[in-house]
Structures are given as structure tokens and as C-alpha cells.
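Right, one structure below, let's go through it.
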Amino acid sequence: MSALGWSSLGYIREVEMTARPVIVVKVGGSAGINYDLVCDDVAALVKEGQPIVLVHGGSHETNLLSERLGKPPRFLTSPQGFTSRYTDPETLDIFAMVYAGKMNTRIVERLQKRGVNAVGLSGLDGRLLEGPRKTSVRAVVDGRQVLVRDDYTGKVERVNAGLLRLLLDNGYTPVISPPACSTEGEAINVDGDRAAAMIAAALSARQLIILSNVPGLLRNFPDESSLIPSLKYDGLEQALSFAEGRMKKKVLGASEAIAGGVAQVVFGDARIGRPILNAMQGKGTVISA
Ligand code: ADP
């Protein structure tokens, strides 16, 4: 579909498409996620005129490739208990090979097969995801605090929403992955959930859907019957106490999205059929303002 499609039907459809608020979907990178099912839903929604921005992870594949290349993954735990991948320059190469390489290409391919004109972008392209690199990272190792200086990580503070609008308004579906772009133009590892939250806020998305290999936020992980069906923004701080490991970043991302004006965030299950449609209907953990 062209932005200047003056055939009356095409033009009207164009206006309808751009007028509908975007849904931002973040699909994780942990084992068990079914990307075919996620892409089935993206295709169904895009075909009915719902603009989607898809953000994806790649943690499990990065761990596998790191092992195969003889550079086992290492993780840093902050004094606050948040974990992140230790990303020295060699790890950043492996990270980019998986995220912006294999994962992004294969997701774009899945969408193209389903008739969706997807465009794959890393956060470096057009400075899509930009923020400062942390010059040093405080981590707890063997109970002691240390400063790590060769880590290429940072936090997304700006999103090139204009570039995303340009694509969406012309009928393309952006498929986005880290790395992001530091203020100095370096590739940096950033958390995908928090990047998705920034994208959702920048696009005034109607929903941010965060899909992973769990049914949602569990009060007693890994007991899936302890799913928390809904939460208010005020309850998120307490929720941080029962989110372990990387789930903490999702809770943080949810709070940042809502603080940024997104009305609803849903944590949903990407192992089962209709993952996005289920989440849109409130299946999972629904977090609202
Ligand atoms: P992804 O790579 O799919 O984004 P992550 O691995 O970063 O997902 O985070 C999801 C993981 O968080 C789950 O697989 C689970 O192991 C872990 N987790 C920790 N605490 C909880 C919790 N309270 N509820 C649900 N999942 C949790």
C-alpha cells in the first residue's frame, strides 16, 4: 500500500490504518516460545488493519551460540537484584549475530510468508533506539560489589518514532531488536522489555503485550496456578518482590510503559495458540494505570 495511493479505496484504507492506535508486541527469547503462532496472530491483525510493531528477544539462542563458540554466557547481578548479560565486545558480536541476524531475519521471513510486509531493524538503524552507554556497571560478585568497565550496555532514552510512523503509515510492519545505539553511536545491549516499553510510550500505543514462556506473572514461580490475573500500577512495586531474575525487568518495563501513557500492559504466553489475540482479550496478567 502506498502513502500516496489515490485510488479511492486504497486511500481510505490508508487513513483508517494510520488512525488506529498501534499495538506493540514484545516476544521474548526464552526456550519454548512459538514464533510461528506469534506471527500467525501478527498477520491476522495486520490484515484487518491493526498496526503492529513487533519487538523481539534472543536470549536462549545467544546462550546456545555463545557456548558453541567457546565463550559461555556470563551474567551480572546489580546490587538491586537485576541481572543482565555481561556484554564485552566479543559478546556484543555474538549478541548482534543472534538478535539482529538470525532471530530478526527468521521472524521477518515468517511474516513475509504470511503476506505481511515486515521490515527488520536493529536499534542502530536510523538511531531507532538511542541512549547512553553505562561507562561502568556495578555488580555483585561473590557477595562483593565490583565495577565492570568493558560492558557495552545501556538504557534506551529516545525512540525514533518518526521512522516507525513512516513505515507504519506506508503499510510496513517493523520488527525490532537490540542492539541499541549509544549517544556516541556505539552498539549497546539494552533490555528488550524496557525498550519495548519506550517504543509503546513513544507511539502512544493502545497496548503493550509482553509475551514469554510463562502464562504471566506468577505469585509463586514456577507454580503456573498462581497466575496473577490483574494488577494496578500502584501494585507493581510489590510485584517486583515476587518476580525473580529477568521477570523483574518485565515488571519494570510495564511500570515505565504505564508511566509513559500506555493504558494497558499484558504479560501473555507465547507457547500456545493465539498468543497475541489471547493477551488482547485479557488472558495473562493485565496491568492497567
Ligand atoms: P523472555 O526472554 O521470554 O523475555 P525472560 O527469560 O527474560 O523471558 O523472563 C521470563 C522468565 O522469568 C520465565 O521464564 C521465568 O523463568 C522467570 N520468572 C521469574 N519470576 C517469575 C514470576 N514471578 N512469574 C513468571 N516468570 C518468572
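The values are calculated or read from the model by the stated rules, or taken from the named source; none is laboratory data. In this text, all values refer to a predicted model and were calculated from it rather than measured experimentally. Heads up, the Cβs are rebuilt from the backbone with ideal geometry, glycines too, and the neighbour counts pull from every protein chain shown. Keep in mind that these areas ignore ligands, DNA and RNA; they rest on the heavy atoms of the full protein, side chains included. Shrake-Rupley method; radii C 1.70, N 1.55, O 1.52, S 1.80 Å.
Details
- Note on the range 61-87: among residues that are touching a Phe, Trp or Tyr at 6+ places or on another chain (Cβ under 7 Å) and among the charged types (D, E, K, R), the one that is nearest to G192 (Cα to Cα) is R85.
- Scanning the range 243-262 for residues that are crowded, with 16+ Cβ neighbours inside 10 Å and outside any helix (DSSP H, G or I) yields A243, R246, G260, V262.
- None of V42, V55 is within 15 Å of the ligand (Cβ to nearest atom) and either at pLDDT 95 or above or not in a helix (DSSP H, G or I) (or both) except V55.
- Cβ separations smaller than 8 Å between residues 6+ apart or across chains give the following pairs from the range 40-53 residues that are free of Cβ contacts under 8 Å to residues at least 40 places away in the same chain and on the phi > 0 side of the Ramachandran plot to residues that are open to solvent by 10 Å² or more (accessible area, probe 1.4 Å) and in a loop (DSSP other than H, G, I, E, B): G49/R20.
- Residues that are of a type in the set (V, I, T) and in contact (Cβ under 8 Å) with a residue 12 or more places away in the chain, drawn from the range 142-157: V148, T153, V156
- No other residue among L277, L240 is free of Cβ contacts under 8 Å to residues at least 60 places away in the same chain, surrounded by fewer than 19 Cβ atoms within 10 Å (Cβ to Cβ) and aliphatic (A, V, I, L, M) apart from L240.
- Residue list for the range 201-211, filter: outside any loop (DSSP other than H, G, I, E, B), in contact with a Gly (Cβ under 7 Å, 6 or more places away or on another chain) and either away from the ligand (no atom under 15 Å from the Cβ) or open to solvent by 10 Å² or more (accessible area, probe 1.4 Å) (or both): A201
- Test: S225 is more than 10 Å from the ligand (Cβ to nearest atom) and assigned to a helix (DSSP H, G or I): yes
- The number of residues in the range 169-189 being open to solvent by less than 10 Å² (accessible area, probe 1.4 Å) and either farther than 20 Å from R106 by Cα or of a type in the set (D, E) (or both) comes to 3.
- Yes/no for L252 being in contact (Cβ under 8 Å) with a residue 12 or more places away in the chain and within 14 Å of the ligand (Cβ to nearest atom): yes
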